[in-house]
Structures are given as C-alpha cells and as structure tokens.
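The values are calculated or read from the model by the stated rules, or taken from the named source; none is laboratory data. Bear in mind that the values here come from a model prediction, so they are computed numbers and not experimental data. Note that each Cβ is placed from the backbone with ideal geometry, even for glycine, and that neighbours are counted across all protein chains shown.
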Amino acid sequence: MHATTIEHCRGFMGSSPDQMQFFSMLLKMIGAKRTLEVGVFTGYSLLATALALPDDGKVVAIDASREHYELGRPVIEKAGVGHKVDFRASDGIAELDRLLAEGGEELFDLAYVDADKQRSEFDRVVRDFMVGFNAAVAADDRVQACLLPIADGVTLCRRVK
Ligand SMILES: C[S@@+](CC[C@H](N)C(=O)[O-])C[C@H]1O[C@@H](n2cnc3c(N)ncnc32)[C@H](O)[C@@H]1O
C-alpha cells in the first residue's frame with residue numbers, strides 16, 4: 001500500500017509510516033472500536049487504522065473523491081480488513097453535518113482529519129491556516145491538545161468536555 005501511495009504523482013499526500021505506527025499504537029492503547037477519517041486518498045492511513053481496530057471495529061472514511069481510494073481498495077481487501085471500512089464519497093463537512101444530525105457526535109473513539117488543508121496551492125497560506133487552526137484548538141476548553149512533531153506535524157486533541 002505504501003508503494004501504491006508514494007508511486008502516485010500526488011503520493012506526497014499520504015501519511016508517513018512513523019505517523020501511522022504511532023496512530024496504530026494509540027488506537028490499541030485507547031481500545032478504539034469506531035473511528036472516523038476525513039481524507040482517504042489511496043487509503044494508506046485507512047489501512048493502518050483498519051488493521052489496528054478489532055475485528056468488529058469500524059472506520060467511517062470520507063473523501064470527496066472515490067477515484068484514489070479505488071487504487072488502494074484491493075490492498076485493503078487483501079489484508080482482510082475490508083469489512084471494517086465504511087467508505088463514503090462525499091464532501092467532509094457535508095458528511096460530518098449528516099453524522100451530527102444523526103446524533104453521531106458520541107460515536108467515535110478517534111477522528112483523523114487529513115483533508116482540505118490545501119484550499120490554496122501556496123505553502124504559506126497552508127502554514128497560516130494551520131497556525132490559525134492550532135490557535136483555535138489551543139483556545140478551545142472542550143479539548144486538550146498537543147502538537148506532535150511527526151511527519152509534517154500532527155495536532156492531537158483529547159475531548160475533555
Ligand atoms: C492528504 S490526502 C489524505 C491522505 C490519507 N489520509 C493518507 O494517509 O493516505 C487528502 C485527501 O482529502 C480529500 N479531500 C480534500 N478536501 C476534501 C473535502 N472537503 N472533503 C472530503 N475530502 C476531501 C482529497 O480528495 C484527498 O484524497
């Protein structure tokens with residue numbers, strides 16, 4: 001799966017192996033059964049998540065495009081974890097609104113948002129967006145947050161309210 005991802009012309013979008021090793025351990029440490037992922041691309045992080053969940057676990061995976069997910073889906077099936085994946089081809093915000101309307105707020109042990117940071121092509125704008133996002137998270141007393149220097153940075157939040 002990693003080869004499928006990095007060989008793709010947009011392979012830079014895939015999460016890094018060390019990041020997914022960390023997520024895998026985290027998922028097991030918290031005993032996660034149901035998780036959410038926004039931003040699937042070829043499914044590298046999705047596969048790592050599905051492998052870390054118990055056999056009756058489920059990951060709801062949302063991506064605006066199904067095209068790239070279809071490249072990685074055979075690997076997910078071959079790994080024997082396809083039954084844990086609920087892929088939804090949709091805009092992330094629209095699908096999250098649908099989940100909230102269904103009372104889904106309490107349903108996830110972990111949510112990985114890896115999408116839509118690049119509303120602009122320019123690194124500087126992405127950087128400014130992430131600085132603003134991290135400032136908003138730091139000021140939000142509903143979550144405890146820490147910034148992990150893994151890959152290009154991971155903001156880890158724990159809901160406290
Ligand atoms: C950084 S890649 C995800 C990488 C993936 N998590 C991995 O580790 O391989 C970002 C993905 O987000 C999707 N995306 C961008 N904006 C989105 C949106 N508003 N709603 C849903 N998906 C979106 C893109 O189609 C792309 O596949």
Worksheet entry | Lone unmet requirement of (1) modelled with pLDDT of 95 or more; (2) assigned by TED's automatic domain parsing to the domain that holds K58; (3) exposed (fewer than 15 other Cβ atoms within 10 Å of the Cβ) for Y112 | (3)
Item to complete: State yes or no: is S15 closer than 14 Å to A89 by Cα and either away from the ligand (no atom under 12 Å from the Cβ) or assigned by TED's automatic domain parsing to the domain that holds R98 (or both)?
Response: no
Worksheet item: Which of the helices (runs of 4 or more DSSP H) contained wholly in the range 34-123 include at least 3 residues that are closer than 22 Å to H2 by Cβ and hydroxyl-bearing (S, T, Y)?
Response: 44-52
Item to complete: Please work out which residue is surrounded by the most Cβ atoms within 10 Å (Cβ to Cβ), limiting yourself to the range 63-88 and to residues that are touching a Phe, Trp or Tyr at 6+ places or on another chain (Cβ under 8 Å) and under 19 Å from F108 (Cα atoms).
Response: D63
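Residue by residue, here is whether (1) within 25 Å of I93 (Cα to Cα); (2) near the ligand (Cβ under 10 Å from one of its atoms) holds:
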| position | (1), (2) |
| --- | --- |
| E7 | no, no |
| Q21 | no, no |
| L27 | yes, no |
| E37 | yes, yes |
| S45 | yes, yes |
| A48 | yes, yes |
Practice prompt. Residue by residue through the range 22-79, note down the ones that are more than 20 Å from A151 (Cα to Cα), touching a residue at least 40 places away in the same chain (Cβ under 8 Å) and not hydrophobic (A, V, I, L, M, F, W, C).
Written response: G31, K33, R34, T35, D63, H68, G72
Worksheet item: Which one is nearest to the chain's Cα centre (by Cα), of the residues in the range 31-46 that are of a type outside the set (S, T, Y) and surrounded by 23 or more Cβ atoms within 10 Å (Cβ to Cβ)?
Response: E37
